[in-house]
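Enquirer: Right, I'll just put the structure down here and ask away after.
The values are calculated or read from the model by the stated rules, or taken from the named source; none is laboratory data. Being a predicted model, the structure only gives us computed values, none of them experimental. Cβ coordinates were reconstructed from backbone atoms using ideal geometry, including for glycine residues, and neighbour counts include every protein chain displayed.
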């Protein structure tokens, strides 16, 4: 019985994401996915920047805001966040398994 308790404690500890991991690895995964899902807004912003050069800061505000809004919509979605946290933990646990 004691061994099972120890295994459960170790298993639950492995399922938590440390703050450093969250701030770097999980957020990077979320950003990559969000940018793919917001590809239309990203393309519009990139095109506007190419067309306006130095004036892009002033000329592309609408496109920039649309891209930010799209990305933030995903960041603020609890299911999206949980999905990426779970993906990271699964990847981490597979990397930590002993290779025989």
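Enquirer: If you check 67, 89, which single one turns out to be in contact (Cβ under 8 Å) with a residue 60 or more places away in the chain and surrounded by 11 or more Cβ atoms within 10 Å (Cβ to Cβ)?
Expert: Of 67, 89, the one residue that is in contact (Cβ under 8 Å) with a residue 60 or more places away in the chain and surrounded by 11 or more Cβ atoms within 10 Å (Cβ to Cβ) is 89.
To keep it simple, each residue is scored yes or no on (1) in contact with a helix residue (DSSP H, G or I) (Cβ under 8 Å, 6 or more places away or on another chain); (2) modelled with pLDDT under 95; (3) in a helix (DSSP H, G or I); (4) farther than 29 Å from residue 91 by Cα.
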position	(1), (2), (3), (4)
10	no, yes, yes, no
13	no, yes, yes, no
44	yes, no, yes, yes
53	no, yes, yes, yes
65	no, no, yes, yes
